[in-house]
Amino acid sequence: MIQQAFFAYFAFVITILSLLIVTRKNPVHSVMWMLLLFFHIAGMYLFLNAEFMAAIQVIVYAGGILVLFLFAVLLVNIREELQIGKYIGAAPTSFTFAVGLFVVIVMSLRSFVAAPPGIYSIELIKQETHTKALGKLLYTEFLYPFEVASLILLVAIIGAIVLAKRRLKS
Amino acid sequence: MVPLSWYMVLGAVVFAIGVFGFLSRKNIIIVFMSIELMLNAVNINLISMSHYIQDLRGQILAFFVIAVAAAEAAIGLAIVIALFRNKATAHVDEVKEMQG
């Protein structure tokens, strides 16, 4: 019973905050609601026994990505932003598309069949601790994708510098 | 015990809201935030499934999604800065060089 109550709270708040993010006129307000949303998603990961993912969610999203968004929001002229409309002309079409997509996903959930359970039961993870179990898997079976992810981050660093730097006068 | 399908419906709701924001908003920064919203919906699905079928591989996949989301945010905001320097606008409907 208490689990359902926890889930209901998190699901309600996450839905309301997502709606607030896409409907606010002021981008700074959207960023602030998004901060609250990321903390609630981290809470939901804790509820799913994924402590390491909750920590990563708070550190990477709330600590890194949202700060980047706040810096970019500084570029926007807020006073002008508050006077013009917030949607482009195709908004009714995109609303219909989003509702249709939601209906299709929910309909397809009825034919979902879960895979047979694997070896990482809650007792095993509790015995070995979550971070250690995840690290063992990451550095043995998923070592090659992990290296590729580091390459992607390197490409992002170089690409961001090349795109954002001022062109040199020649 | 909360059934798995509740988490999947929650993920679908957040994903649909993200799709709506991505397709309809005028400000390009909020368009990027909608992409982050969709990636978070996928992460909720991955982590809840990995918990329910007792396999950590879903969480590894969510880990990589977070890494790619960080890279995508850095590149995307660099593109926003380059756009702002060339056109002095942050609205997607004022950028129509490609006749789209």
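The values are calculated or read from the model by the stated rules, or taken from the named source; none is laboratory data. On a predicted model such as this, the values are computed, not experimentally measured, just so you know. All Cβ positions, even for glycine, are placed from backbone atoms using ideal geometry, and neighbour counts span all protein chains on display. Heavy atoms of the whole protein, side chains included, go into the accessibility calculation; ligands, DNA and RNA do not. Shrake-Rupley method; radii C 1.70, N 1.55, O 1.52, S 1.80 Å.
Details
- Along the axis of the charge dipole computed for chain A (Cβ charges of +1 for Lys and Arg, -1 for Asp and Glu, origin at the Cα centre), the listed residues A:LEU138, A:TRP33, A:ALA164 are led at the positive end by A:ALA164.
- Dipole-positive endmost among B:LEU77, B:VAL14, B:VAL92 within chain B (Cβ charges, Cα centre): B:VAL92
- Total accessible surface hidden between A and B, rounded to 100 Å², 1.4 Å probe: 7000
- Taking the inverse of the mean 1/r over every pair of distinct Cα atoms in chain B gives a Kirkwood hydrodynamic radius of 15.2 Å.
- Across peptide A:127-137, the mean count of Cβ atoms from other chains lying within 10 Å of each residue's own Cβ comes to 1.
- Of the chymotrypsin sites (Phe, Trp or Tyr not before Pro) in the stretch A:1-79, those whose Cβ has at most 13 other Cβ within 10 Å and which sit in DSSP loop: none
- Built from the Cα atoms of the stretch A:1-85, the convex hull projects on average onto 5.9 nm², one quarter of its surface area.
- A Cβ-based charge dipole, computed about the Cα centre of the protein assembly as shown with Lys and Arg at +1 and Asp and Glu at -1, lands at about 820 debye.
- Between B:LYS96 and A:GLU141, the FRET efficiency estimated from the beta carbon spacing at R0 = 51 angstrom works out to 0.60.
- Förster-model FRET efficiency, 25 Å R0, A:LEU46 and A:ALA90, C-beta, rounded to 0.05: 0.05
- Over all pairs of different C-alpha atoms, the stretch A:1-41 has a mean inverse distance whose reciprocal, the Kirkwood radius, equals 10.6 Å.
- Its residue count N sets the reference 2.2 N^0.38 Å, and the alpha-carbon radius of gyration of the stretch A:36-99 equals 1.59 times that reference.
- For the protein assembly as shown, average projected area of the Cα convex hull in nm²: 16.7
- Kirkwood Rh in Å, taken over the stretch A:117-170 so that all alpha-carbon pairs contribute: 14.4
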